[in-house]
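Here the structure comes first, spelled out in C-alpha cells, and everything after it is commentary.
The values are calculated or read from the model by the stated rules, or taken from the named source; none is laboratory data. Bear in mind the structure is a predicted one, so any value in this text is a computation, not a measurement. Reconstructed Cβ throughout: ideal geometry from the backbone, glycine too, with neighbour counts over all protein chains shown.
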Amino acid sequence: MSERLTLALPKGRLLDGALGLLRDIGVDGIDADSRRLIFTDPARGLRLLFLKPADVPAYVTYGAADLGIVGKDILLEQEPDVYEPLDLGFGFCRLVVAEPRELWQRDDPAKWSWVRVATKYARMTERYFSERGIQVEIVRLDGSIELAPLVGLAERIVDLVQTGETLRANGLVEVAEIARSTARLIVNRASMKTEYSAVTQLIDDLGKRTQPPAPRTGHPRIEPASRRPLQ
C-alpha cells in the first residue's frame with residue numbers, strides 16, 4: 001500500500017475491538033495507553049487518529065480522515081454522508097427505551113400520548129416516538145442517563161445497553177428496543193475515488209477478518225434505514 005491513508009478510531013468501548021482487528025491485518029506499533037492522538041504505521045502507509053466516538057463521522061465526512069470505525073448507533077443518529085461498506089461485527093449493543101420498575105409494573109406503552117425522555121440520541125428518539133404518534137419532550141444529556149429517572153428529571157430514558165446490567169443496577173426496566181448497533185467501517189466519498197486502490201485494499205483486508213454480526217433475538221425494534229451502498 002503505497003498511498004498514505006488516515007483512519008479515525010473511536011476511543012472507548014470500541015477501541016479494543018478496532019485495535020485487535022488492525023493487529024490481525026498487520027498494523028503494529030500502537031500503544032492504546034498512550035496519550036498520543038496520532039500513530040503511524042509506515043509499513044502499511046496508514047495514519048491512525050484517536051477520537052471521541054461521536055467525532056469520527058465528522059472527520060471522515062470532511063476529509064480529515066479517509067476512513068473511520070464507528071458504532072452504527074452514531075451513524076443512525078448523525079446520518080453522515082459517507083460510505084458504509086463493512087459491518088465489522090464487534091461492539092454489539094442495543095438502543096432501548098427504559099423506565100423505573102415501579103412505573104413499568106403499572107405502565108401500558110400502548111396508551112402513551114406524551115412522554116418526557118432523557119437521552120443523548122435526540123434524533124432517533126424523536127423519530128421513534130413520532131412514528132408512533134406519541135408527543136415527546138427530550139431532555140438532552142451526555143452522560144449518566146440512568147440517573148434522570150432516579151431524580152425526577154425524566155420518567156423514561158433512551159440509552160445504549162450491552163448486557164442491561166447498568167439498567168438493572170439502577171432499578172430500570174427495558175420497555176422497547178429501538179435499534180441495534182455494531183462497529184462499522186465508513187469511508188469518505190472523495191477518498192473512495194482519489195485513493196481507490198488503497199481504500200479498497202484496506203476494506204478487503206478488514207473484511208476477511210470481521211466477525212459475523214450478533215444473532216437476533218425476539219426484542220421489538222425499528223428496522224433502521226441503511227445508508228447509501230458502496231459505489
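Take the residues in region 52-69 that are in a helix (DSSP H, G or I) and in contact with an Asp or Glu (Cβ under 8 Å, 6 or more places away or on another chain); name whichever of them is surrounded by the fewest Cβ atoms within 10 Å (Cβ to Cβ). Among them, the one singled out is Thr61.
Of everything in region 79-138 that's of a type in the set (Gly, Ala, Ser) and more than 30 Å from Leu14 (Cα to Cα), which residue is modelled with the lowest pLDDT? This residue is Ala110.
Would you be able to say whether some residue in region 39-51 is surrounded by fewer than 15 Cβ atoms within 10 Å (Cβ to Cβ) and under 30 Å from Asp142 (Cβ atoms)? Within region 39-51 (the criterion being surrounded by fewer than 15 Cβ atoms within 10 Å (Cβ to Cβ) and under 30 Å from Asp142 (Cβ atoms)), the answer is no, since none of the residues qualifies. For Glu84, the conditions (1) surrounded by 14 or more Cβ atoms within 10 Å (Cβ to Cβ); (2) of a type outside the set (Lys, Arg); (3) out of contact with any Asp or Glu (no Cβ under 8 Å at 6 or more places or on another chain); (4) part of a loop (DSSP other than H, G, I, E, B) all hold with the exception of (4). Of all residues in region 179-197, those that are in a helix (DSSP H, G or I) have Cβ atoms under 7 Å from Cβ atoms of residues that are surrounded by 14 or more Cβ atoms within 10 Å (Cβ to Cβ) and not aromatic (Phe, Trp, Tyr), 6 or more apart or on another chain, in Arg189/Val82; Ser191/Asp66; Ser191/Val199; Met192/Val199.
Looking at region 128-136, is at least one residue touching a residue at least 24 places away in the same chain (Cβ under 8 Å), more than 25 Å from Glu195 (Cα to Cα) and either part of a strand (DSSP E or B) or of a type in the set (A, V, I, L, M) (or both)?
Looking for residues that are touching a residue at least 24 places away in the same chain (Cβ under 8 Å), more than 25 Å from Glu195 (Cα to Cα) and either part of a strand (DSSP E or B) or of a type in the set (A, V, I, L, M) (or both), one finds none in region 128-136, hence no.
When you check Leu153 against the structure, is it under 30 Å from Arg116 (Cβ atoms) and outside any strand (DSSP E or B), yes or no? So Leu153 fits the description; yes. Of all residues in region 1-50, those satisfying the criterion of being touching a residue at least 12 places away in the same chain (Cβ under 8 Å), in a strand (DSSP E or B) and out of contact with any helix residue (DSSP H, G or I) (no Cβ under 6 Å at 6 or more places or on another chain) are Thr6, Leu7, Ile38, Asp41, Leu46, Arg47, Leu48, Leu49, Phe50. Quick one: would you say Arg116 is more than 20 Å from the chain's Cα centre (by Cα), under 29 Å from Ala154 (Cα atoms), part of a loop (DSSP other than H, G, I, E, B) and not acidic (Asp, Glu)? So Arg116 does not fit the description; no. Thr163: within 21 Å of Pro10 (Cα to Cα) and buried (at least 18 other Cβ atoms within 10 Å of the Cβ), yes or no? Taking the combined requirement at face value, the residue does not satisfy it. Among residues belonging to region 88-102 that are more than 16 Å from Thr163 (Cα to Cα), out of contact with any helix residue (DSSP H, G or I) (no Cβ under 8 Å at 6 or more places or on another chain) and not basic (Lys, Arg), point out the one that is surrounded by the most Cβ atoms within 10 Å (Cβ to Cβ). Ranking the candidates gives Gly89 first.
Suppose the filter is touching a residue at least 60 places away in the same chain (Cβ under 8 Å) and in a helix (DSSP H, G or I); does Leu76 pass it?
Numbers: touching a residue at least 60 places away in the same chain (Cβ under 8 Å): yes; in a helix (DSSP H, G or I): yes.
Taking the combined requirement at face value, the residue satisfies it.
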